[in-house]
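Working notes, beginning with the structure itself.
The values are calculated or read from the model by the stated rules, or taken from the named source; none is laboratory data. As the structure is a prediction and not an experimental result, all values here were calculated from the model. Here Cβ is always computed from backbone atoms with ideal geometry, including for glycine, and neighbour counts include all displayed protein chains. The area values use the complete protein model at the heavy-atom level, side chains included, leaving out ligands, DNA and RNA. Shrake-Rupley method; radii C 1.70, N 1.55, O 1.52, S 1.80 Å.
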Amino acid sequence: MPDASSAAPNPHLAAYTARSLKGRIFSGVQPTGNLHLGNYLGAIRNFVRLQGQYDCLFCVVDQHAITVWQDPKELTQQTREIAAAFLAAGLDARNNIIFNQSSVPGHAQLAWIFNCVARIGWMNRMTQFKEKSGKDRENASLGLLAYPSLMAADILLYKATHVPVGEDQKQHLELTRDIAMKFNNDFNAPDFFPITEPLIFGAATRVMSLRDGTKKMSKSDPSDYSRINLTDDADAITQKIRKAKTDPLPMPETEADAEKRPEADNLLGIYAAIADQEKADVVRAFAGQQFSAFKNALTDLAVARIGPVGSEMQRLVKDPGYVDSVLRDGAERANALAKPILDEVYRIVGFLRP
Ligand code: ATP
Ligand code: MG
């Protein structure tokens with residue numbers, strides 16, 4: 001199985017690794033709708049695999065969510081759902097910190113400073129901003145433009161060294177590194193913020209829409225048939241895989257062949273990730289077969305492996321008292337970690353603490 005340890009060492013982190021035995025992980029998921037297979041395979045399942053190896057903070061990033069309109073009642077509910085999904089996937093709330101972003105004011109406080117460090121040109125180049133603002137860029141929220149600056153604050157408020165994410169967030173992590181470097185440089189504070197390392201691994205770092213193999217699977221896609229939600233039951237999973245777009249040819253013979261056929265490539269990647277196999281082995285196993293046979297096998301696999309996570313998530317959502325207690329405890333611990341770092345940033349910037 002490809003894993004995080006195969007990544008090349010980050011020379012910028014030497015100073016940090018020398019000081020502490022474990023690195024620190026921060027990662028967030030937005031409460032913007034239904035969690036899907038992409039979030040699970042690209043991010044949450046990797047969080048579960050990394051816990052224990054690092055000090056980890058896993059965050060429901062509600063302040064990021066409101067960069068596009070969210071119904072307030074749904075936002076509250078979706079925040080609990082993401083926390084429930086973290087727990088259902090197997091994250092341990094005692095050994096990791098699980099919390100929601102708006103409960104720790106340091107995120108917004110540091111983001112403001114980063115808004116003054118980062119350049120407008122950097123933000124304008126972000127593909128997520130271009131995609132989410134669409135044709136009507138003038139009408140996008142200012143928060144949507146500044147999103148990567150808040151994301152840098154999320155990570156650097158804890159001096160996190162590693163960030164597990166899906167492929168789509170790579171560009172934002174590069175910007176986080178740019179912000180850290182510029183801050184360290186502008187304020188003559190060498191090594192103050194770490195130059196964070198992304199952890200992007202597994203066979204499904206970019207799961208594509210089931211309706212369009214060139215578009216990322218997203219919570220905010222209006223078509224429910226574009227994604228498999230973690231809470232979908234066996235019937236829904238079966239329907240969605242059956243209807244998933246394919247091409248008229250039989251299954252590809254080689255990986256290179258698959259790469260030229262986005263829909264086939266996507267489904268093969270999903271299969272490999274869920275089954276924990278190399279994609280090349282999955283391609284070999286189904287080479288030349290009809291899509292219907294492959295889709296049946298994929299359906300059985302998805303129902304068997306994803307179904308239980310969804311059921312556990314739904315069970316937890318029915319116990320908001322418990323979920324809230326996990327988030328409350330997490331916020332307290334996150335605040336305690338953030339406070340001395342933010343105090344130091346304020347001192348470096350020159351804010352008077354009378
Ligand atoms: P939205 O459409 O609201 O942005 P999203 O589906 O992109 O929602 P996020 O909350 O933005 O979800 O991202 C949570 C995590 O899931 C991030 O680490 C992101 O990189 C990862 N992720 C999101 N979509 C995919 C995908 N299609 N494949 C793999 N990883 C993904
Ligand atoms: Mg996203």
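If I ask for residues that are more than 16 Å from ligand 2 (Cβ to nearest atom) and within 15 Å of Asp324 (Cβ to Cβ), which ones from segment 60-78 would you list? Break it down stepwise before answering.
Residues of segment 60-78 more than 16 Å from ligand 2 (Cβ to nearest atom): 71-74, 76-77.
Of everything in segment 60-78, those that are more than 16 Å from ligand 2 (Cβ to nearest atom) and within 15 Å of Asp324 (Cβ to Cβ) turn out to be Thr76, Gln77.
Return the residue satisfying two criteria in turn: it lies in segment 208-231 and is within 12 Å of ligand 2 (Cβ to nearest atom) and under 15 Å from the mean Cα position of the chain (by Cα), and of such residues it is surrounded by the most Cβ atoms within 10 Å (Cβ to Cβ).
Step by step, filter segment 208-231, then rank; the result is Met217.
Could you list all residues from segment 23-59 that are within 16 Å of ligand 2 (Cβ to nearest atom), among the hydroxyl-bearing types (Ser, Thr, Tyr) and open to solvent by 10 Å² or more (accessible area, probe 1.4 Å)?
Thr32, Tyr40, listed by residue number.
Can you find a residue in segment 176-194 that is part of a loop (DSSP other than H, G, I, E, B) and either among the basic types (Lys, Arg) or touching a His at 6+ places or on another chain (Cβ under 8 Å) (or both)? Write out each step before concluding.
Just the residues of segment 176-194 that are part of a loop (DSSP other than H, G, I, E, B), to begin with: 187-194.
From what is left, the residues that are either among the basic types (Lys, Arg) or touching a His at 6+ places or on another chain (Cβ under 8 Å) (or both) are 194.
Yes, the conditions are met somewhere in segment 176-194.
Which condition breaks for Asp247 when tested against (1) modelled with pLDDT of 95 or more; (2) more than 30 Å from Ala88 (Cα to Cα); (3) assigned to a loop (DSSP other than H, G, I, E, B)?
Failing condition for Asp247: (1).
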